[in-house]
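The values are calculated or read from the model by the stated rules, or taken from the named source; none is laboratory data. Nothing here was measured: the structure is a model prediction, and the numbers come from that model. Note that we place each Cβ from the backbone using ideal geometry, even for glycine, and neighbour counts take in every protein chain shown. Note: areas computed on protein heavy atoms with side chains; ligands, DNA, RNA excluded. Shrake-Rupley method; radii C 1.70, N 1.55, O 1.52, S 1.80 Å.
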Amino acid sequence: MKIKSLFVALFLCLLVVSGCTSTKVQEPQNPNKLSLPEDIPNFVTVKDFEKIDWDRMATKFGTGTSSDIVGNKNKLGIIGPELKPNKVEKWLWHFWGIDKGELTIVGYNQDTSNISPVLSDGVWSSTGVSGGKINGADAS
């Protein structure tokens, strides 16, 4: 009989405790909220990511050489192997309309909103736009 009474008392306590809820209203969490890394260059803004046209695709185009370039013709093009996650590859970047300058590459995952540097040494920028004319581009 004592066991039944103890069981009923325990059950009633659990019922009372499980009926209690917090009155604090929680803000809905957005796991894909865009947050810029602290060390990203200051000219990169959240608005840069918000105005990405995900329907615009890079295309292959020829330059009169044996290699096709992927990119936007007469703006930017890249020759290199297929992009694979977590694998360092060497790509040749081509630029039209500029002949020198600083290059900043920012990786952005649309599904997770993760932002990260892309250059192999883990930095955001390089003074790498200084190569000569190649494949019809103004700089490489």
### Message
What's the total number of residues in the range 62-94 that are in contact with a Leu (Cβ under 8 Å, 6 or more places away or on another chain) and over 20 Å from Asn109 (Cα atoms)?
### Response
4
### Message
Every residue in the range 98-116 that is open to solvent by 70 Å² or more (accessible area, probe 1.4 Å) and either of a type in the set (D, E, K, R) or touching a Leu at 6+ places or on another chain (Cβ under 9 Å) (or both), please.
### Response
Asp99, Lys100, Glu102, Asp111
## Note on the structure
Residue count, the range 117-140, condition open to solvent by 40 Å² or more (accessible area, probe 1.4 Å), of a type in the set (Ser, Thr, Tyr) and more than 20 Å from Ile69 (Cα to Cα), comes to 3
### Query
Within the range 30-53, is there a residue that is surrounded by 13 or more Cβ atoms within 10 Å (Cβ to Cβ), in contact with a strand residue (DSSP E or B) (Cβ under 7 Å, 6 or more places away or on another chain) and within 13 Å of Gly136 (Cβ to Cβ)?
no
### Residue list for the range 16-67, filter: modelled with pLDDT of 70 or more and not in a loop (DSSP other than H, G, I, E, B)
Val46, Lys47, Asp48, Phe49, Glu50, Thr59, Lys60, Phe61
